[in-house]
Amino acid sequence: MSSDAPQPQSGDQSAGNSRLLVLSGPSGSGKTTIVRKLLQDSPVSLRVCVSATTRPPRTGENNGDDYHFLSAEEFEQKRKAGEFLETAEVFSSGYWYGTLKSEIARAEEQGAWAFLEIDVEGALNVMQEYPEAVTIFISASSDDEYETRLRGRGTESEDVIQKRLATARRELALADRYKYQVVNDELDRAVEEIKHILRTEEAD
Ligand code: 5GP
């Protein structure tokens, strides 16, 4: 690199030493339970990056803990100001989600891995910025399981279920873009596999 090549700007995390863990999995893959278990007993220091979203909070969700809940205008302002690493409209829901660069910077300051739990579209964008990111795709053990899990929740309307199943099919077709694919055939085994990946990557 020549000496007059553009130098990384402070706050430009794409040039930093951050360790990034990106985890995705379609609705019904059991991803949420896996993440909860992983965070209870992670072999490496993980800092969850709290995403921003324009979707309204659900009962029990807190601003700043679960998401940074923003109006569409606030989200757009941040997007224009370059504050996001990636953004995506998830599930064709009309709601936007995005990873804030400031969240990754905070993980880096703490010497922790930045942990992003984001959809496939967002993950593909992160891979471009951070080719060295550790990316894990979680899938269910059979195609039927997505629908069984989604219906089992009993919380979503038929329209939402159909949209999520269509998204799941599109996401599954992109699973091989991830560095690792973990099948959630048995919860504890899948969590152990992810822990093993993290230990191995940390040692690298
Ligand atoms: P929920 O609305 O159920 O909390 O999340 C819906 C989906 O949005 C999840 O599949 C999650 O992975 C994805 N998601 C959450 N935060 C982000 C983000 O910052 N960027 C992207 N691309 N997807 C996100």
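None of the figures in this text is laboratory data; all of them are computed from the coordinates on show. The model shown is predicted, which means the values in this text are computed figures rather than measured ones. Cβ placement follows ideal geometry from the backbone for every residue including glycine, while neighbour counts extend to all protein chains displayed.
Between Asn184 and residues 5 or more places away or on another chain, which pairs have amide H atoms under 5 Å apart, with H built 1.01 Å from N, and which residues are they?
Under 5 Å from the amide H of Asn184: Ser139, Ala140, Ser141.
How would you rank Trp113, Trp96, going from fewest to most other Cβ atoms within 10 Å of each one's own Cβ?
Lowest to highest Cβ neighbour count: Trp96, Trp113.
So what's the gap between the Cα centers of region 120-165 and region 73-87, to the nearest angstrom?
With region 120-165 and region 73-87 each reduced to a Cα centre, they are spaced 24 Å.
Based on DSSP H runs of at least 4 residues, each adding -39500 (n - 2.57), what is the mean residue ellipticity at 222 nm of the chain after dividing by all its residues, to the nearest 500 deg cm²/dmol?
Computed mean residue ellipticity for the chain: -12000 deg cm²/dmol.
Expressed in nm to one decimal, what extension gain is obtained for the pair Gln40 and Glu186 from 0.36 nm per residue of sequence separation less their Cα-Cα distance?
50.8 nm
Could you work out the relative contact order of the chain? I mean the mean sequence separation of Cα pairs under 8 Å and 6+ apart, divided by the number of residues, in percent.
32
With viscosity set to 0.890 mPa s at 25 °C, what whole-number translational diffusion coefficient in µm²/s follows for region 20-203 from Stokes-Einstein and a Kirkwood radius over Cα pairs?
The estimated diffusion coefficient comes to 145 µm²/s.
Fewest Cβ neighbours within 10 Å first, please rank Ser42, Ser29, Ser141 accordingly.
Fewest-to-most Cβ neighbours within 10 Å comes out as Ser141, Ser42, Ser29.
Rounded to the nearest 0.05, what FRET efficiency do Lys163 and Asp143 have when you use their Cβ-Cβ distance and R0 = 22 Å? Before the final figure, lay out each step's value.
Details: r = 17 Å, r/R0 = 0.77.
According to the calculation, E is roughly 0.80.
Count neighbours as other Cβ atoms within 10 Å of each site's Cβ, and list the GluC sites (Glu not before Pro) in region 149-201 that are DSSP loop with at most 14 such neighbours.
Glu156, Glu186
Report the net charge of residues surrounding Ser42, where surrounding means a beta-carbon distance below 15 angstrom and charges are Lys +1, Arg +1, Asp -1, Glu -1.
Counting the neighbours of Ser42, the net charge comes to -1.
What is the helix-to-structure angle for 120-129, meaning the angle in degrees between its Cα long axis and the longest Cα principal axis of the chain, kept from 0 to 90 and rounded to the nearest 10?
The angle comes out at about 20 degrees.
What lysines sit close enough to Lys179 to cross-link, taking a C-alpha to C-alpha distance under 24 Å and skipping anything fewer than 8 places away on the same chain?
Partners found: Lys31, Lys37, Lys101, Lys195.
Through the Karplus equation 6.51 cos²θ - 1.76 cosθ + 1.60, θ set to phi - 60°, convert the phi angles of region 97-106 into ³J(HN,Hα) values in whole Hz; use x for Gly and Pro.
10, x, 8, 7, 4, 4, 5, 5, 4, 5
Please list, by residue number, every one of the GluC sites (Glu not before Pro) in region 102-147 that is coil in DSSP and has at most 15 other beta-carbon atoms within 10 Å.
Glu132
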